[in-house]
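Enquirer: Okay, here's the structure, questions in a sec.
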Amino acid sequence: MSCSASQPACLVTHIPFLVSFFSLWLLLSVCFFCSNLEGFLEEFADIAKEDQIKKLHDMLGPHMLRRLKADVFKNMPSKTELIVRVELSPMQKKYYKYILTRNFEALNARGGGNQVSLLNVVMDLKKCCNHPYLFPVAAMEAPKMPNGMYDGSALIRASGKLLLLQKMLKNLKEGGHRVLIFSQMTKMLDLLEDFLEHEGYKYERIDGGITGNMRQEAIDRFNGMESPSFFTK
């Protein structure tokens, strides 16, 4: 497999190059005549090998200008990672067992609606470790406020992560810190909103539904020196 130079072209992307080899080939095809997809995939079939990685780097290197955060923000402090182990709540342990034993009757509501299929057990276990209210039955049976929000005390007791988060945020708030919370699940963001409302924290929410000027305004409010906002997620 070989790629020949095309007409001068410039490609600006923030996408990680190794999301998939098909994506990488598409990017290369913009700037080079790399029309043989099968040859490209065959040549780099075993990318785990060091020589394959080096070969790919050597091919991309001469044509790439890479800008790292450290090149732009010289005074950026180093990242410190602290992993805190959290025990599951009794409710989480119950749903964890339902998933492992494939107890569809306990996981699904009798009246229909959203059904748990357990086609992706690992993802369902991740949901359980975040919060059991991510499952339809638990969400239906959970105590709610007159305005439709979940009862804050029950919401926190149901998740080991929220119990720990409640303690951590109190200390962080008293220390004048700002906090960013990331979640891949928008429904988990919904639960976090109810949690923050219950705890009385000001926050900004940024997800796929917040775009353009609204997104930038939320970021600016969060970053403002006098901002009361404690969270963005």
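The values are calculated or read from the model by the stated rules, or taken from the named source; none is laboratory data. In this text the structure is predicted, and so the values were computed from the model without any measurement. All Cβ positions, glycine included, derive from the backbone under ideal geometry; neighbour counts span all protein chains shown. Quick note on the areas: whole protein, heavy atoms, side chains included, nothing else; ligands and nucleic acids left out. Shrake-Rupley method; radii C 1.70, N 1.55, O 1.52, S 1.80 Å.
Enquirer: For segment 120-139, indicate whether the set of residues that are under 30 Å from SER227 (Cβ atoms) and in contact with a Gly (Cβ under 6 Å, 6 or more places away or on another chain) is non-empty.
Expert: no
Enquirer: Quick one: which residue in GLN52, GLN92 is assigned to a helix (DSSP H, G or I), touching an Asp or Glu at 6+ places or on another chain (Cβ under 9 Å), open to solvent by less than 90 Å² (accessible area, probe 1.4 Å) and modelled with pLDDT of 70 or more?
Expert: Result: GLN52 is the single residue among GLN52, GLN92 that is assigned to a helix (DSSP H, G or I), touching an Asp or Glu at 6+ places or on another chain (Cβ under 9 Å), open to solvent by less than 90 Å² (accessible area, probe 1.4 Å) and modelled with pLDDT of 70 or more.
Enquirer: Only one of GLU217, GLU193, GLU197 is assigned to a helix (DSSP H, G or I), open to solvent by less than 70 Å² (accessible area, probe 1.4 Å), modelled with pLDDT under 95 and not aliphatic (A, V, I, L, M); which?
Expert: Exactly one residue qualifies, and that residue is GLU193.
Enquirer: For segment 165-190, which residues satisfy the criterion of being open to solvent by 50 Å² or more (accessible area, probe 1.4 Å) and either within 23 Å of LYS126 (Cβ to Cβ) or hydroxyl-bearing (Ser, Thr, Tyr) (or both)?
Expert: Listed by number, the residues that qualify are GLN166, LYS167, MET168, LEU180, PHE182, GLN184, THR186, LYS187, ASP190.
Enquirer: Go through segment 78-89 and give me each residue that's open to solvent by 100 Å² or more (accessible area, probe 1.4 Å) and touching a residue at least 24 places away in the same chain (Cβ under 8 Å).
Expert: Within segment 78-89, GLU87 is the sole residue that qualifies.
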